[in-house]
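The structure appears right after this line, and notes come after that.
The values are calculated or read from the model by the stated rules, or taken from the named source; none is laboratory data. In this text the structure is predicted, and so the values were computed from the model without any measurement. With ideal geometry, Cβ positions are generated from the backbone for all residues, glycine too; neighbour counts draw on all protein chains shown. All accessible areas refer to the heavy atoms of the entire protein, side chains included, with ligands and DNA or RNA removed. Shrake-Rupley method; radii C 1.70, N 1.55, O 1.52, S 1.80 Å.
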Amino acid sequence: MSPPPHLTEGLCGRSRPDHFQGVATIVLKLLNLVHPNRAYFGRKDAQQLAIVQQLVADFNLDTVIVPCPILREPSGLALSSRNQYLSPEQKQQATALFKGLTNAQTLFQSGIRDRDSLLKEIHTTLTQDPNIQLDYADLVDPHTLEPLTQIDREGLVAIAAYVGTTRLIDNILLDGRKPILAIDGPAGAGKSTVTRRCAAALGLLYLDTGAMYRAMTWLVLQSGIALEDEVAIADLVSQAQIELKPGDTLTDPLQVKVNGQEITQAIRSREVTAQVSAVSAQNAVRAVLGKQQQAYGQKGGVAAEGRDIGTHVFPEAGLKIFLTATPAERARRRFAELADPSGLTLEQLAQDIAERDRKDSQRAIAPLRKASDAIEVLTDGLSVDEVVEKLCISITNDAQTLSSRCRMQRRIVLPIHAKRTLGVLNR
Ligand code: DC
């Protein structure tokens, strides 16, 4: 088992040859033995994280790798088992690593994007203290670890330095992309309207991932392929072309085409709605559509809604909302929206929704879940307009924060701030 050299040979690989080969082998063995749904890796070992993520992709492992933020002492020193080797004085000196990184971050936030300026800042900070010996400071792509001459999207500034005889590492992720807003929740919670209007208010691209799963379901039903024939469905889906085009106004429906055919209305039929959970539970369908959704998010600037956006598609989204309402309320809303109930009663609709919720949240792959860092918003008793208005105001106020703060801070600052604002919603 041999990860690509661009991942293992740079950064710490220069002074620790073969180390990452060993890490990759051990992690692969462990994941193969345990088959966990999720495995958590800290961001402090950014090189290890990138290697493990590549490993999971290369070997098609089912485990989701969850990156965890760097935990720090109040001084900024990143927590590490190695800190036990530092004297109290050395611990104080070691805070220069974080200081160097935050100085570089401040430069970045002021618009400086080039390698030389960012790394010079680190060198200047770290060479001020003769007790610190810099091993390396580098600016790399956080996924490929290849050196960057400037940050177009995101960059990882990584450093290693000796404090006495103890070698410490630390890093910071600098993200120049526009934000990603993830809105998940069960059927009928009002996600589409809310996400669409928030996207318009923030100048983000609106991505209705449910429409993509519906389009694939329509295609499967049209083709006559049995729902159990996962191989044929995988083939069909991998060759299908989906086109999503926003309506002319915020109330016009999103235009959906598949393989050139207009299916905007057809994907909302009762037949498609009844089968969409079965199709969207299939591994190949999720893999193909998940990749397409991530491609939309590559440059950021996306407001996406669905069931697994915050948990799987964009686990790094700047802001995650879990929009929900009681089942009775959701059924009432959906029933009121029906232009032509065609004999469908409120009770039947409630049963349909409950059944879809059950399937979507109990499937093996990417089930409907509230991400651990999502803000839950219960919308019972509120009109969609009220939710949109309050959520949009809160997010618009945060838009600046969203795009300018580093991810590490976003995780902490945004949810607390947004929770405070959203508290108003629940009064
Ligand atoms: O949001 P919607 O009702 O249009 O979604 C239709 C179905 O698509 C939903 O019941 C499950 C599936 N879906 C999914 O599995 N993952 C998503 N991210 C979005 C939708």
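In square angstrom, what is the accessible area per residue of region 157-297 with a 1.4 angstrom probe?
Numbers: 5730 Å² over 141 residues.
Ligands and nucleic acids excluded, the result is 41 Å² per residue.
Can you work out the base-10 log of I(q)/I(0) for region 73-123 at q = 0.12, 0.14, 0.23 1/Å, using the Debye formula on its C-alpha atoms alone?
-0.33, -0.43, -0.81
Under 15 Å Cα-Cα from LYS299, which aspartates and glutamates qualify once same-chain neighbours fewer than 8 residues away are excluded?
Once the sequence-local aspartates and glutamates are set aside, what remains near LYS299 is ASP141, ASP152, GLU154, ASP175, GLU316.
Where does each of ASP229, ASP357 land when they are ordered by accessible area, with a 1.4 Å probe and the largest first? Spell out each step's value before the answer.
Values: ASP229 70, ASP357 25 Å².
So, going from the largest accessible area down, we get ASP229, ASP357.
For the charge dipole of region 319-376, defined by +1 on Lys and Arg C-beta atoms and -1 on Asp and Glu C-beta atoms about the Cα centroid, which residue among GLN362, THR345, THR324 has the Cα displaced farthest towards the positive pole?
Selected residue: GLN362.
Give me the percent of accessible area attributable to carbon and sulfur for region 8-91, probe 1.4 angstrom. Show your work: numbers first, answer last.
Working: 2610 of 4890 Å².
For region 8-91, the apolar C and S fraction of the accessible surface comes to 53 percent.
Per-residue counts of other Cβ atoms within 10 Å, averaged by peptide: what ranking do you get for 68-79, 133-144, highest first? Each step should come with its number before you reach the end.
Details: 68-79: 14.4, 133-144: 18.0.
Packing proxy ranking, top to bottom: 133-144, 68-79.
Tell me which residues come under 5 Å, amide H to amide H, from ALA303 once H is placed; ignore anything under 5 positions away on its chain.
Under 5 Å from the amide H of ALA303 lie the amide H atoms of LEU181, LEU205, TYR206, LEU207, each far enough along the sequence or on another chain.
Once Rh for region 1-139 is found with the Kirkwood sum over Cα pairs, what is the Stokes-Einstein diffusion coefficient at 25 °C and 0.890 mPa s, in µm²/s? Walk me through the intermediate numbers first.
On the way: Rh = 17.0 Å.
Translational D for this selection: 144 µm²/s.
Computed on alpha carbon atoms, what radius of gyration and Dmax characterise region 218-315, expressed in Å?
14.0, 39
Which stretch or stretches of region 45-75 have amide N atoms under 18 Å from the point lying 7 Å from SER238's Cα along the Cα→Cβ direction?
57-62
When the chain is modelled as a GNM with alpha-carbon springs shorter than 10 Å, which of THR149, THR251, THR217 fluctuates the most?
Maximum fluctuation in the GNM of the chain, among the listed residues, is at THR251.
Pick from ASP252, ASP235, ASP170 the residue whose mean-square fluctuation is largest in a GNM of the chain, springs joining Cα atoms under 10 Å.
ASP252
Return one number: the angle in degrees, 0 to 90 and rounded to the nearest 10, between the long axis of the Cα atoms of helix 384-404 and the longest principal axis of the Cα atoms of the chain.
It works out to around 20 degrees.
Could you give the alpha-carbon Rg of region 287-388 over 2.2 N^0.38 Å, rounded to two decimals? The partial results should precede the final answer.
Values: Rg = 15.6 Å, N = 102, 2.2 N^0.38 = 12.8 Å.
Normalised Rg, Cα atoms only: 1.22.
Please list the three semi-axes, largest first and in whole Å, of the ellipsoid equivalent to region 292-332, using sqrt of 5 times the eigenvalues of its alpha carbon gyration tensor.
In descending order the semi-axes read 25, 10, 9 Å.
Springs between alpha-carbon pairs under 10 angstrom, Gaussian network model over the chain: which of ALA287, ALA199, ALA187 fluctuates most?
ALA287
Can you work out the Karplus-derived ³J(HN,Hα) for every residue in region 306-311? Use 6.51 cos²θ - 1.76 cosθ + 1.60 with θ = phi - 60°, whole Hz, and x for glycine or proline.
Result, rounded to whole Hz: x, 10, 10, 5, x, 8.
Gain in length, THR193 to ARG38, computed as 0.36 nm per residue apart minus the alpha-carbon separation, to one decimal in nm? Spell out each step's value before the answer.
On the way: separation 155, 0.36 × 155 = 55.80 nm, distance 3.17 nm.
So the chain would gain 52.6 nm between THR193 and ARG38.
Order 111-122, 94-105 from most to least packed using the mean count of other Cβ atoms within 10 Å. Please list the in-between numbers first.
Working: 111-122: 16.6, 94-105: 22.2.
Order by mean packing, descending: 94-105, 111-122.
Heavy-atom accessible area of VAL163 with all protein chains present, probe 1.4 Å, nearest 10 Å²?
So the heavy atoms of VAL163 present about 0 Å² to solvent.
Once phi is turned into θ = phi - 60°, what whole-Hz ³J(HN,Hα) does the Karplus curve with 6.51, -1.76 and 1.60 give for every residue of region 147-161, x standing for Gly and Pro?
Karplus-based 3J(HN,Hα) across region 147-161 equals x, 10, 8, 7, 9, 8, 10, 9, x, 10, 9, 10, 9, 9, 8 Hz.
In units of 2.2 N^0.38 Å, what is the alpha-carbon radius of gyration of region 116-171?
Numbers: Rg = 12.0 Å, N = 56, 2.2 N^0.38 = 10.2 Å.
Ratio of Cα Rg to 2.2 N^0.38 Å: 1.18.
Just how many % of Cα pairs in region 260-326 lie over 15 Å apart, if you round to the nearest whole percent? Don't jump to the answer; show the numbers that get you there.
Working: 1410 of 2211 pairs.
Percent of Cα pairs beyond 15 Å in region 260-326: 64.
Taking the Cα centre as origin and putting +1 on Lys and Arg beta-carbons and -1 on Asp and Glu beta-carbons, what dipole magnitude results for region 2-121, to the nearest 20 debye? Intermediate results must be reported in sequence, preceding the final value.
On the way: 13 positive and 10 negative charges, 47 e Å.
Using only the charged Cβ atoms, the result is roughly 220 debye.
List the residues whose amide H sits under 5 Å from the amide H of ILE375, counting only those 5 or more places along or on another chain, with H placed 1.01 Å from N in the peptide plane.
LYS320, ILE321, PHE322
Once the Cα atoms of helix 327-337 and of the chain are each reduced to a long axis, what angle between those two axes, in degrees from 0 to 90 to the nearest 10, is obtained?
That helix lies at roughly 60 degrees to the long axis.
Between 0 and 90 degrees, rounded to the nearest ten: what's the tilt of helix 283-297 against the longest Cα principal axis of the chain?
Roughly 70 degrees, rounded to the nearest 10.
Which cross-chain or sequence-distant (5 or more) residues have an amide H under 5 Å from the amide H of VAL64, H modelled 1.01 Å from N in plane?
Long-range HN contacts for VAL64: ARG38, ALA39.
Once the mean 1/r over all distinct Cα pairs of region 104-236 is inverted, what Kirkwood radius in angstroms do you read off?
Hydrodynamic radius (Kirkwood, Cα only) of region 104-236 equals 19.3 Å.
Taking the convex hull of the alpha carbon atoms in the chain, what volume per residue do you get, in Å³? Mind showing how you got there, number by number?
Values: hull volume 67.4 nm³, N = 427.
Dividing the Cα hull volume of the chain by its residue count gives 158 Å³.
Over 18 Å, how big is the tail of the calculated P(r) for region 158-267, in percent of all Cα pairs?
64 percent
List, in order, the whole-Hz ³J(HN,Hα) value for each residue of region 105-122 obtained from phi through the Karplus relation with A = 6.51, B = -1.76, C = 1.60 and θ = phi - 60°; use x for Gly and Pro.
The phi angles translate into 5, 5, 4, 4, 5, 8, x, 7, 10, 8, 3, 4, 5, 5, 6, 4, 4, 5 Hz.
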